[in-house]
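Notes follow the structure.
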Amino acid sequence: MDNAKLPDELQMPVKVNSEVGNFDFNDVIKYFNILKENDEPLFQVLDMFPIPIEIFAADGTSVYCNLAGLDLLNIKDRSTFIGKYNVLQDPVCLDQMGYREEFERAFSREKVIIKDFPAPIEDLIERGVTKEKPFEKAIMDIYTFPIWKNDKLIFVVAVFCVRNLYLGRPDVAKAKEYIDTHWMGEFNPEEMAKSVNMSKTQLYRLFNEHTGTTPGEYHRKVKIEHIKEKLADKSLSIKEAFTACGEDSQGWFLKVFKEDTGMTPTEFRKMR
């Protein structure tokens with residue numbers, strides 16, 4: 001966005017008051033609110049983008065969250081979160097979850113990818129940011145990149161790519177998480193049931209009731225998705241793609257792959 005082309009009230013706040021480029025985050029919040037009120041096209045793109053996006057001021061204060069982010073966390077009122085949350089002062093994310101180094105790097109000159117980040121939904125509920133639990137657990141990758149102006153850090157943009165979202169009963173969600181974590185090896189229903197402290201028979205009944213599939217079928221589906229990802233990498237042979245997922249490209253799982261996708265691995269790769 002070119003500030004020179006915007007009316008005065010839409011100019012980006014740049015009253016820097018420290019060497020790292022901090023400014024009154026209330027000015028930034030006001031800036032985004034004005035963009036919304038004026039139907040600024042860039043704001044509309046951000047707000048309607050289907051992937052959660054959050055923008056932080058240079059001091060770590062959240063100054064913007066798009067609709068996808070608010071919906072994911074079941075936040076009904078932006079004012080309960082925007083301007084009140086500071087990621088660099090969050091003991092849960094920094095210390096309890098152990099991501100201090102990653103977030104501090106994100107507010108330096110680095111682009112940072114935080115892999116397999118578990119959304120701290122319980123903490124948001126405890127702080128009153130959201131009242132109803134929208135999911136049991138969400139695992140996401142966070143892509144952060146800094147925005148600079150005149151060598152001063154203005155914003156840090158965070159894009160949240162949700163990899164696994166666990167809904168419904170806590171025990172079923174935990175069983176799905178177990179399978180997602182142990183997908184590469186041979187499926188072990190006894191260990192899965194033990195992980196949720198439930199009998200295999202009871203867990204199978206609940207799993208099928210709440211997901212419409214059995215744990216074994218879910219395990220195969222997860223493994224097939226990983227094989228698809230590997231097949232998309234043309235630097236790998238089909239054999240290497242299967243081997244990377246713990247399977248033999250000429251074994252029984254080849255039949256499973258064909259039944260699920262309706263294609264051979266070679267045909268699937270040609271479709272990419």
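Where a number appears in this text, it was derived from the coordinates with a stated rule and is not lab data. None of the values given here were measured: they were computed from a predicted structure. Glycine gets a Cβ as well: all are built from the backbone with ideal geometry, and neighbour counts include every protein chain shown.
Descriptive notes on the structure:
- Likely footprinting exposure, Ser62, Ser235, fewest C-beta neighbours within 10 Å first: Ser235, Ser62
- Label separation (Ile125 vs Met263): 4.1 nm, computed from points 7 Å beyond Cα along the C-beta direction.
- Distance between the 7 Å Cα→Cβ label points at Asp151 and Arg100: 3.0 nm.
- Neighbour-limited loop hits for GluC sites (Glu not before Pro), the range 177-272 (at most 12 other Cβ within 10 Å; DSSP other than H, G, I, E, B): Glu186
- Neighbour-count order for Cys161, Cys93, Cys65, fewest beta carbons within 10 angstrom listed first: Cys161, Cys93, Cys65
- In a DSSP loop and with at most 11 other Cβ atoms within 10 Å, there are no chymotrypsin sites (Phe, Trp or Tyr not before Pro) in the range 167-242.
- Overall form of the range 170-271 per C-alpha gyration tensor (a/c, 1.5; a/b vs b/c): prolate
- Point-to-point label distance, Thr214-Lys270, nm (Cα→Cβ direction, 7 Å offset): 3.4 nm
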